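Student: First the structure, which I've put down as structure tokens, then a few questions once you've had a look.
The values are calculated or read from the model by the stated rules, or taken from the named source; none is laboratory data. What you are looking at is a predicted structure, and each value in this text was computed from that prediction instead of being measured. Reconstructed Cβ throughout: ideal geometry from the backbone, glycine too, with neighbour counts over all protein chains shown.
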Amino acid sequence: MEVIKKVKDLISLMNENNLTEIEVEEEGTKIRLKRNNLDSVQTSIQLPSIKASLQEGSNKYLTSKQDKELSEIVAPMVGTFYSSAPGADPYVNIGDTVDEETVVCIIEAMKIMNEVKAETEGKIVEVIVENGAAVEFGQPLFRVEASEEGE
């Protein structure tokens, strides 16, 4: 994804030049990076295609506009997506049934492995992100077909 590469390039630029803050706006996309006192980088990205209705820290799924019965499990944070623990089978595969407590993946952020739960009931119909890929807050990870019994 082009935005992810741009963020990585900006972080490298910040590190090389010992910058504490950088902001770039290009073609409707606005990226702002700010280093806090703990030497970590806070990322803020505004894309024209991502709605402001996403609430920070939310792991709730979004209803797909194309099909009312499909929902998306989205990334609750910026990090690296892992479909499984090292050397293990993926947490979920296409066709697997999940519920609110099912762990569907791990997102590594600042060397901490964070389990992501489905927070919905249904069947996994698509894995959108590749294993080891960088993900952004609010980025769709999985598409889920709602279970017939409801949520």
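Student: Restricting the first residue to region 108-121 and requiring it to be surrounded by 16 or more Cβ atoms within 10 Å (Cβ to Cβ), which pairs with a second residue that is of a type in the set (F, W, Y) meet a Cβ separation below 6 Å and a spacing of at least six or different chains?
Tutor: These pairs meet every condition: T120/Y61.
Student: Please work out which residue is nearest to I31 (Cα to Cα), limiting yourself to region 119-138 and to residues that are modelled with pLDDT of 90 or more and in a loop (DSSP other than H, G, I, E, B).
Tutor: Checking each candidate, the answer is E136.
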